[in-house]
Structures are given as structure tokens and as C-alpha cells.
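The values are calculated or read from the model by the stated rules, or taken from the named source; none is laboratory data. If you're wondering where the values come from, they're calculated on a predicted model, not measured in any experiment. Methodologically, a virtual Cβ is constructed for each residue, glycine included, from the backbone with ideal geometry; neighbour enumeration extends over all protein chains shown.
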Amino acid sequence: MTAPFDLHSYEPRHGHGLPHDPFNAIVGPRPIGWIGSHDGAGHRNLAPYSFFNAFNYVPPIVGFASIGRKDTLRNAEATGEFSWNLVTRDLAERMNTSCAAVPPHVDEFALAGLTPLPSRQIAAPRVAESPVSFECRVTQIVQLTTAAGAEVPTWLVLGEVVQVHIARHLLVNGIYDTAAARPVLRGGGPADYFELAPAARFQMHRPT
């Protein structure tokens, strides 16, 4: 059967032949892993990761991928913990500031004008201005490989969520209102982001 579309097809190993790699735009928009961590010696770190998601219900497990051995990865290895903080539209610019390439001793909380908030079960700080945050303990750190088995300089960090914090105004009749938080998600291209707002919502129940 002939494909119903005029397709641009390519093998990633040979390049995409486009002005910008479309992969990130196709797999998106993606939730942002705004990860708080520390090095165990008093230095805080806060960094956004666009390769982030949830992977399990019970226990809840989230994960982010570090492309290269960045400070957050090293901190997770050293301390076995990290926090995740929801990026809302009001926090988008400060999230963007926190992704600046700065030396390990620079505190991105201070750089972005954010307040580090102590966690309950871990030592990694949370973002006080974020209405939702998770406290996580590392369960696995996995270096990615190609289909042929060659190592890729990217590490998947998985963590069990051991404490959840939700601003009460986002709980409507006890149900978390995703759109009310106005979360920001990473799109494709060099600078695309999306805000999830109530107008984008539709409901579809699973077949019985």
C-alpha cells in the first residue's frame, strides 16, 4: 500500500538533511525535569532536563537523561538522591536561567533568583516557588548503548519518589488539576516551549 503522505525519510546515522534535527520536536512536548541536587559538600545545583518522564506507578519512579557527565549526574551518583520541581509558566524564565553553563561551585538557585527549600526525606533542596515537587532516591543509573552495544555518553538516572508536595490550590475536590498549574513543556527546535492551559484539555475514557 502506498503511504498516504509525501514522506521525508532518513536514517539518523546518516543525518536528517534538515535545518534542525526534528527528533526532539516529534517526541514532544515533553515534561521538564527541573532537578535539584547537591554534591554532599554543601554545593547546591539546579538544572532542567528535557529528557524526563515518569516510568512507574507503584512505587512511583521518574527519570531523566544526562547527555554527558554533568553536575546533576555526578551529584546523583555521589548522594543517591535528587528533587524534581514542576516548571510553571511563571517560572519559565528562571528555569531557563538555571540551565546556564556555569562551574560546579555556582549555585543556580541564587543565579535564577530562586529559594532553596529543605526536603523532608532527602538532603537535596527543592524550589520553594514551584507548586509541585518530588523527593527522589536514586534506584538505577544506566549508561545508554546503541543497538549494536556501543556505549553512548548519556546516562539515564531513575529515582523512586519518596515524598510528594502539592500546593493545595491545585487539588480540586481532591483531584490534581494538571492544567491549572500551567506547566511548561519542552518542544523542538532551538527555543520552542509549550504551556499547557485548560483550553487544551479534552477527555477520553478507556474502553470497557
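Overview of results
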read-out	value
Pairs with Cβ under 6 Å, 6+ apart, first in region 88-113 and within 26 Å of residue 180 (Cβ to Cβ) and modelled with pLDDT under 95, second in a helix (DSSP H, G or I) and of a type outside the set (Val, Ile, Thr)	none
Members of region 1-25 found to be within 26 Å of the chain's Cα centre (by Cα) and within 16 Å of residue 189 (Cβ to Cβ), listed by number	16, 19, 20, 21, 22, 23, 24, 25
Among (1) at pLDDT below 95; (2) of a type outside the set (Asp, Glu); (3) within 21 Å of residue 45 (Cα to Cα), the one test that residue 179 misses	(3)
Those residues of region 168-192 which are over 19 Å from residue 50 (Cα atoms), small (Gly, Ala, Ser) and surrounded by 10 or more Cβ atoms within 10 Å (Cβ to Cβ), in sequence order	179, 180
Region 32-44, residues that are more than 16 Å from residue 138 (Cα to Cα) and either of a type outside the set (D, E, K, R) or modelled with pLDDT under 95 (or both)	32, 41, 42, 43
Single unsatisfied condition, residue 69 versus (1) out of contact with any strand residue (DSSP E or B) (no Cβ under 9 Å at 6 or more places or on another chain); (2) in a loop (DSSP other than H, G, I, E, B)	(1)
Residues (in a strand (DSSP E or B) and touching a residue at least 60 places away in the same chain (Cβ under 8 Å)) located in region 172-208	183, 184, 185, 186, 193, 194, 195
Region 78-107, residues that are of a type in the set (Gly, Ala, Ser) and surrounded by 13 or more Cβ atoms within 10 Å (Cβ to Cβ)	78, 80, 83, 92, 98
Cβ-Cβ under 8 Å pairs, at least 6 apart or on other chains, region 1-23 side without any contact (Cβ under 8 Å) to a residue 60 or more places away in the chain and of a type in the set (Ser, Thr, Tyr), far side assigned to a helix (DSSP H, G or I) and surrounded by 10 or more Cβ atoms within 10 Å (Cβ to Cβ)	none
Search result, residues across region 108-128 that are out of contact with any Pro (no Cβ under 8 Å at 6 or more places or on another chain), surrounded by 16 or more Cβ atoms within 10 Å (Cβ to Cβ) and not hydrophobic (A, V, I, L, M, F, W, C)	108
Within region 109-128, considering residues that are part of a loop (DSSP other than H, G, I, E, B) and touching a His at 6+ places or on another chain (Cβ under 8 Å), the one farthest from residue 78 (Cα to Cα)	125
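For every residue, the table says whether it meets (1) more than 19 Å from residue 103 (Cα to Cα); (2) among the aliphatic types (A, V, I, L, M); (3) in contact with a strand residue (DSSP E or B) (Cβ under 8 Å, 6 or more places away or on another chain).
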site: 14; (1), (2), (3): yes, no, no
site: 40; (1), (2), (3): no, no, no
site: 45; (1), (2), (3): no, no, yes
site: 48; (1), (2), (3): no, no, yes
site: 52; (1), (2), (3): yes, no, yes
site: 62; (1), (2), (3): yes, yes, yes
